[in-house]
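**Q** Sending over a structure as structure tokens; questions will come in a sec.
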Amino acid sequence: MDREHHDVLVVGGGPAGLSAATVAARHGLDVALVEERVTLGGQVHKQPGPGIVVRDPAAMGREYREGRALIDAAEASGATIMTSTAVVAVEGDAVVLVPDGGRARTVRARRLVLAPGAHDRPVAFPGWTLPGVLTAGGMQTIVKAQRVLPGRRVVFAGAGPLALAFPAQLLGYGAGIRTVLEAGPPPRIGDLLRIAGAAPGNRHLLQDAVRYRAALLRERVPLRYRRIVVRAEGDGRVEQVTHAAVDADWRPIAGSEEREPADVLCLGYGFVPSIELLRLAGCDFDFDEQLGGYVVRRDDWLRTSRPHVLAAGDGTGVEGSVVAVAEGRIAGLGAALDLGAIDAATAEREAAPARRLRGRRQALTRALRRMHDVGPGVFELTTPETTVCRCESVTAARLAETIDGTRDINVVKALTRAGMGPCQGRSCQRQVAAMIARRHRQPLGAVELATPRMPVRPVPIGALADDAVTGRTLFMRQDGDADVPAGELADE
Ligand SMILES: Cc1cc2nc3c(=O)[nH]c(=O)nc-3n(C[C@H](O)[C@H](O)[C@H](O)COP(=O)(O)OP(=O)(O)OC[C@H]3O[C@@H](n4cnc5c(N)ncnc54)[C@H](O)[C@@H]3O)c2cc1C
């Protein structure tokens, strides 16, 4: 029998999830929030890890302080907060939770708010698996949560707002940035006019952008537009990076290669929404590469095509933390409205500021679109020997041979094991989909992703071999002459 039941269960302790939980709990609902990391705050408001004491919050910067305010509000709202707990499955109105080191359990809720955020858009090229090649998210975790600089000579290769923001932040932490490579074009007069038109309500973001650009200029870090990293080399770790000029589709131009020494290559080609739970829930999707690829379809209250599932933040299309907070509020109000905790007029009145904020931020995203459009060339940088699925060591050649015979990504997965490892395709699936699209002349958005399977996070089998999830007899072990449920043996 299920022991736990809530009005609203929120997945994700980033700005979207924290805001949704706070708003729903303040309206008197029984709310639980689940976060797999040890601390709340999500990606942008990542808090220092356990054991690190913050003596001077003012010195920690705006992102830390804004995150702290969101966390304090959620903690004061009365919502039950579970950290170090991963949601590994969604089925109907139930989710399966696995606390770190504990057993899986099923929790039911009348409304689910999924706010799982995004992860780095993976880009494969020769040498991308060398130690010292880090994604922006990975590097951010090391720097923000652990306060460690992984190297001194950093080359940053990426695109979009992150290609400006992240190197500037790293400079602030004392990293030596040699070069910033931006795959997109430099701004034109038309872009600047569009940005100026979208400035009302986005002043802070634009000021930040100016500040980041000024930091690069001050430290004499070259920002080179329309260049992409094509190779990383080194003896046991990255020592040298090769980059090349690209055309409008981000395809390298022959003869434009340059080499650069580096001990860290940081990759920031934008983010893709974490859609595993939304797919398990059976929600409908659209495709928009600029928002990160597959984006869940939602109504004005951020209900998905599954009416009891609402979705907010970067996990629904990557639009940044301001939109994440606004969407969290709207989803929290949507859940409160659906469950009768507030009437429609109250919901509309309270949602109005968040809707305005979201609308303004989305206007800025549209204004930046020409500069930030992702070129298909970014998925074409592998050679036959390049490892594409690093969990299962599957090369581009092995995949190409299989893709010659099928356009079905599930078949490619079954025949090559690409996407079957611990990351469950988060690193390789987009690359494989792009290979299928190219080989079979399909738009990328027309390639169906592999069927999602629980658990969406790697968890020990002992955590799942629990009768609440699997039934007592599914995982049995021999103990002398008797068959014993594996979970009971694990207890001994
Ligand atoms: C790698 C990365 C770096 C970024 N860097 C910046 C930056 O420097 N500056 C900036 O302005 N913006 C940055 N962004 C964008 C910004 O982080 C987001 O816009 C904002 O944090 C989105 O908020 P969110 O709540 O939607 O998602 P997040 O902040 O990502 O929060 C989602 C939370 O859900 C949790 N979660 C996911 N799946 C599960 C699960 N199955 N079970 C339990 N918990 C789960 C995650 O651990 C995470 O804490 C970055 C985004 C990413 C992905």
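**Q** Tell me the residue from 24, 59 that is more than 13 Å from the ligand (Cβ to nearest atom), part of a helix (DSSP H, G or I) and surrounded by fewer than 16 Cβ atoms within 10 Å (Cβ to Cβ), please. Walk me through how you get there before you give the answer.
**A** Values: 24 fails: surrounded by fewer than 16 Cβ atoms within 10 Å (Cβ to Cβ).
After ruling out the rest, the residue left standing is 59.
**Q** Here's another thing I want to ask about it. State whether one or more residues within region 332-340 are modelled with pLDDT under 95, surrounded by fewer than 24 Cβ atoms within 10 Å (Cβ to Cβ) and either more than 15 Å from residue 110 (Cα to Cα) or not assigned by TED's automatic domain parsing to the domain that holds residue 437 (or both).
**A** Kept after step one, since they are modelled with pLDDT under 95, are these residues of region 332-340: none.
No, that holds for no residue.
**Q** When the residues of region 99-124 are narrowed to those that are buried (at least 21 other Cβ atoms within 10 Å of the Cβ) and not in a strand (DSSP E or B), which ends up farthest from the ligand (Cβ to nearest atom)?
**A** Going through the qualifying residues, I end up with 124.
**Q** Can you name the residue in region 225-280 that is in contact with a Ser or Thr (Cβ under 8 Å, 6 or more places away or on another chain) and within 16 Å of the ligand (Cβ to nearest atom) and, of all such residues, is nearest to residue 319 (Cα to Cα)?
**A** Among those residues, the one meeting the criterion is 273.
**Q** Then there's this: Of the residues 313, 334, only one is in contact (Cβ under 8 Å) with a residue 12 or more places away in the chain and within 13 Å of the ligand (Cβ to nearest atom); which?
**A** 313
**Q** Using the structure shown, decide if residue 77 is among the hydroxyl-bearing types (Ser, Thr, Tyr), within 14 Å of the ligand (Cβ to nearest atom) and outside the structural domain of residue 208 (by TED's automatic domain parsing). Steps first, please.
**A** Details: among the hydroxyl-bearing types (Ser, Thr, Tyr): yes; within 14 Å of the ligand (Cβ to nearest atom): no; outside the structural domain of residue 208 (by TED's automatic domain parsing): yes.
Against the criterion (among the hydroxyl-bearing types (Ser, Thr, Tyr), within 14 Å of the ligand (Cβ to nearest atom) and outside the structural domain of residue 208 (by TED's automatic domain parsing)), residue 77 does not qualify.
**Q** Here's another thing I want to ask about it. Among the listed residues 302, 265, identify the single one that is in the same structural domain as residue 167 (by TED's automatic domain parsing) and more than 23 Å from residue 368 (Cα to Cα). Please lay out each step first, then the result.
**A** Working: 302 fails: in the same structural domain as residue 167 (by TED's automatic domain parsing).
Just one listed residue meets the conditions, 265.
**Q** Output the residues belonging to region 86-98 that are out of contact with any helix residue (DSSP H, G or I) (no Cβ under 7 Å at 6 or more places or on another chain) and either farther than 26 Å from residue 28 by Cα or crowded, with 20+ Cβ neighbours inside 10 Å (or both).
**A** Result: 86, 88, 95, 96, 97.
The values are calculated or read from the model by the stated rules, or taken from the named source; none is laboratory data. What you are looking at is a predicted structure, and each value in this text was computed from that prediction instead of being measured. So basically every Cβ, Gly included, is an ideal-geometry build from the backbone, and we count neighbours across all protein chains shown.
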